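To start, the structure under review is shown below, and the notes come after it.
The values are calculated or read from the model by the stated rules, or taken from the named source; none is laboratory data. Quick caveat, the model's predicted, so the values are computed rather than measured. As a convention, Cβ positions derive from the backbone with ideal geometry for all residues, glycine included, and neighbour counts pool all protein chains shown. Remember, those area values only see protein heavy atoms, side chains included, never the ligands or the DNA or RNA. Shrake-Rupley method; radii C 1.70, N 1.55, O 1.52, S 1.80 Å.
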Amino acid sequence: MCSKIIQWRWLGIKRSDNEIVNDPGVFGEVTMSYGNGHMRLDARRHGYTNESGKMLAPLWDAVCVGKGPRDELWRGYQRAKLPHGLGFTTVVQEWHIEHVDMRPPQDSIDPAQRGR
């Protein structure tokens with residue numbers, strides 16, 4: 001199922017309502033897996049099953065903290081790249097996931113994947 005994912009935090013800090021509303025988000029398939037005692041959500045481009053389809057860093061220890069008829073809010077931990085080449089850190093992140101359709105919008109499909 002194709003979903004629109006918007007990250008509600010930047011480096012663990014909640015973004016303003018205006019930033020969230022104006023964020024176009026990313027379109028992809030959200031998958032959930034469980035391993036080594038940790039829940040993990042991944043967002044991938046539609047039709048990709050390998051590492052090249054990743055769009056966002058995984059959301060670890062994800063917990064659904066809100067649910068509506070077509071959307072969900074998940075909170076967990078995500079690796080984030082610090083600005084100015086200072087390395088990486090682990091931060092709290094929230095994903096707002098809106099379930100859009102069984103197929104992605106045509107303008108969000110990688111041209112190499114069209115026609116499959």
Requested in this report: Compute the FRET efficiency between V63 and E98 as 1/(1 + (r/R0)^6), taking r as their Cβ-Cβ distance and R0 = 22 Å, and round to the nearest 0.05.
Outcome: 0.75
Report task. Heads up, I need the accessible area for E98: 1.4 angstrom probe, whole protein in place, Å², nearest 10. Result -> 60
Requested in this report: Can you pull the one-decimal nm distance between simple spin-label points at V91 and R70, each 7 Å off the Cα toward Cβ?
Outcome: 2.9
Report summary line: The extension gain from T31 to S16, computed as 0.36 nm times the residue separation minus the Cα-Cα distance, is 2.7 nm
